[in-house]
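> Before we start, here is the structure in question, set down as structure tokens.
The values are calculated or read from the model by the stated rules, or taken from the named source; none is laboratory data. A quick note: this is a predicted structure, and the numbers were derived from the prediction, not measured. FYI the Cβ positions are ideal-geometry reconstructions off the backbone, even for glycines, and counts take in every protein chain you see.
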Amino acid sequence: MGTLTDEEKRILAELQQKQAEREAIPPEERIPITHPDKYAFPIGIPDNVVLCPYCLGAIEEKVRRCPHCGRDISHEAPVEMTLAEYQAAERIPCPFCGKDRLKLAKVCPSCGKDVRS
């Protein structure tokens with residue numbers, strides 16, 4: 001393994017910082033997740049969840065492109081729901097990749113394919 005570039009070092013430092021921030025959250029404040037593949041948001045999220053208008057994957061409010069489905073969302077209003085609503089929302093498998101997705105999603109957050117039929 002060769003030496004890391006400055007960009008790789010920066011990314012590694014950023015990842016280590018985020019990991020340290022996650023580990024600093026007291027266990028009693030963490031959200032218990034029994035099926036991590038069903039929830040696309042980090043531990044310690046606030047009460048409301050901001051979602052991509054296409055795949056309904058959890059996103060940061062100011063992103064221009066969804067990190068899950070890759071769609072440009074700069075001209076679309078994000079969807080908001082409470083964490084409880086998000087966790088209780090019905091999920092079904094994607095007909096293309098088989099991964100779970102919210103039933104109301106227009107696009108699969110895993111493979112990015114249009115699932116409306």
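> Given the residues GLU76, GLU61, which is the only one that is among the acidic types (Asp, Glu) and either under 24 Å from SER117 (Cα atoms) or not in a loop (DSSP other than H, G, I, E, B) (or both)? Working first, answer last.
On the way: GLU61 fails: either under 24 Å from SER117 (Cα atoms) or not in a loop (DSSP other than H, G, I, E, B) (or both).
After applying the criteria, what remains is GLU76.
> Could you tell me which of the residues ILE33, ILE45, ILE73 is surrounded by 10 or more Cβ atoms within 10 Å (Cβ to Cβ), more than 13 Å from the chain's Cα centre (by Cα) and modelled with pLDDT under 80? I'd like the intermediate steps shown before the answer.
On the way: ILE45 fails: more than 13 Å from the chain's Cα centre (by Cα); ILE73 fails: modelled with pLDDT under 80.
After ruling out the rest, the residue left standing is ILE33.
> Additional query: Could you tell me which of the residues GLU80, GLU90 is surrounded by fewer than 12 Cβ atoms within 10 Å (Cβ to Cβ), at pLDDT 85 or above and not basic (Lys, Arg)?
Working: GLU80 fails: surrounded by fewer than 12 Cβ atoms within 10 Å (Cβ to Cβ).
Of the residues listed, the single one that is surrounded by fewer than 12 Cβ atoms within 10 Å (Cβ to Cβ), at pLDDT 85 or above and not basic (Lys, Arg) is GLU90.
> Looking only at region 79-95, which residues are of a type in the set (Asp, Glu) and part of a loop (DSSP other than H, G, I, E, B)?
Selection gives GLU90 alone.
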